[in-house]
Every structure is written in C-alpha cells, then in structure tokens.
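So the structure is just underneath, and the comments pick up after that.
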Amino acid sequence: ILTRAATRLAESAEAPAARFASAAGAAATASAGWAETPGRATLTRHRPLGVIGVLCPEFCRQATPVLAMASILGPVLAAGNGALLHPGNAAEAEAEALIAALEAGGMPKGLVGIVSEPRAALACAFAARVDLDALWCFGAGDLPEDLPARAAATGTALWLSEGGASETWTGPGGASDLFRIAAGRRQTLRLSWGA
C-alpha cells in the first residue's frame, strides 16, 4: 500500500513519495530474529502498538507539513498501526490529500483519521482515552505540564518531542528509523524441547 501510494505521489511530484517508499522498504526487509541453540530457540519480532495519536509539529505549517506527516505516517503504518492525526489548522487540506493517496493505494478507509481541535485540549483528550495505545506530540512546548501524568493514568505510551530540528523532516530518510522502532514493541518467544 505504501509503495503504491509512493508511486502515485511521485507521479504528482509530491515530496513525501520517498518517505513512503523508504517506510515500505523498511517494512519489507524487517524480519524476525531467530536464534537456535541445542534444546532451545528464541524468536524476536516486532509487534504494532495499535492506534497512535499524532500531534504534528507546529513549525511544519510554514515549512513542509506534507513531508512531516509522511515522515511520521510512513513508519507508523508500515509497523501495522492505525493513526489519529492532528496536522495543524493550516495543513488539513494537505493531510486529506495524503490520506486520499494512501486510500487510493489500497489503505482501508478509517485507518488514519484527521482531528482538528486546539492542540492542548486535544492532547489532554487523547491522553485520557483508554482506546489509544500511544500519543506522539511533536513541538510539545505548548502542551500541559501534567500530560505525562494523564497518559500514565490510562496506560498510554507518551512520546514528547520538541521537534524543532528541520533536518528531522528534510534530511536523508528523516527520522523514519526512530519512528519505526517507536511504533512497535519487541516480543520474544522462547521455545524449549528435550529432556
């Protein structure tokens, strides 16, 4: 799906095509690790978190909102998660176009939703939801100080980032590896046999 979306975006000369292609490639080449010793084997694999609430960085409204959204959404979707996305008031049209490209590539409708409330109120509402598995807040300087406590009360994994470095969105590959790792959890299975 990400590869098809990247192809469609590349045809329309959109910047995030490379981000989706990179995320798709990482998902395709990521494999579970298998280690075997006499009488025992260990399988380590990555599992998706579930649904991630994402508050995009404020500075991207003026600079590269689509690139920032693609840099975040690519790894989130490649890891098998759904997302609730707050693109910023000035970037809703770009977010809708990005989601339309993903859905045209075969992504199920509703896997990524757009929300448009004030950031601070939305962060608190997200942190209070028990059906949200993680909350990523970029440009977190304007958010309530008690947000970590609110998230901890519902068991929501919280990632707060100032996100002010433009190279995060414009550099080679962006922070896609970091996002991909954060978008999953490691699961280790140990199998034993013999006497």
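FYI, it's all coordinate maths here, none of it is from the lab. Computed from a predicted model, the values in this text were never measured in an experiment. In this analysis, Cβ positions are derived from the backbone assuming ideal geometry, glycine residues included, and neighbour counts consider all displayed protein chains.
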Residue-ordered couplings for region 94-106, obtained by feeding phi - 60° into the Karplus form 6.51 cos²θ - 1.76 cosθ + 1.60 and rounding to whole Hz (Gly and Pro as x), are 5, 5, 5, 5, 5, 5, 4, 5, 5, 5, 5, x, x
A chain fully extended from Ile181 to Leu43 at 0.36 nm per residue, minus the present Cα-Cα distance, gains in nm 47.9 nm
So, with points 7 Å from each Cα along the Cβ direction, the Leu191-Asp142 label distance in nm works out to 5.2 nm
